[in-house]
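The values are calculated or read from the model by the stated rules, or taken from the named source; none is laboratory data. No experiment lies behind these values; they were computed from the predicted model shown. When we count neighbours, we look across all protein chains shown, and the Cβ atoms used for this are built from the backbone with ideal geometry, even at glycine.
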Amino acid sequence: MEQERTTPPNNHLAMAIISTLICCLPAGVVSIVYASQVNSKFIAGDYQGAERASKNAKTWWIISLAVAAAGIIIMLAIYGIAFIAAIASSEF
């Protein structure tokens, strides 16, 4: 028989909310949905489900941050190329 756990896994709700507001809305919303399931599954006795929801919440807020970082890098590259092109054509 599996020993009953006393503390729920980390729900990652704070990072899910932060990544939704600051980074990538769609992935952040998915993270919030999973994060909100952690405690309710734990209370219902579904410890494995709570662990899965916790891992999914973490995965999705990391994806949200990665998408935002990639977007920033692409934006900086575009502005950098435009800046270099402006200097090269002496229209700066």
**OP:** For Y79, indicate whether it is under 30 Å from T6 (Cα atoms) and either buried (at least 16 other Cβ atoms within 10 Å of the Cβ) or not basic (K, R) (or both).
**Re:** no
**OP:** Give the residue, chosen from I32, I62, I87, that is part of a helix (DSSP H, G or I) and more than 14 Å from L13 (Cα to Cα).
**Re:** I87
Original post:
Which pairs do you get when a residue that is at negative phi, found in the stretch 59-87, comes within reach of a residue that is outside any helix (DSSP H, G or I) and exposed (fewer than 11 other Cβ atoms within 10 Å of the Cβ), reach meaning Cβ atoms under 6 angstrom, with the pair 6+ apart or on two chains?
Top reply: A86/F92
**OP:** Filter the stretch 2-58 for residues that are at pLDDT below 95 and on the phi > 0 side of the Ramachandran plot and give the result.
**Re:** G45
Original post:
Does V38 qualify as being free of Cβ contacts under 8 Å to residues at least 60 places away in the same chain, part of a helix (DSSP H, G or I) and farther than 11 Å from N11 by Cβ?
Top reply: no
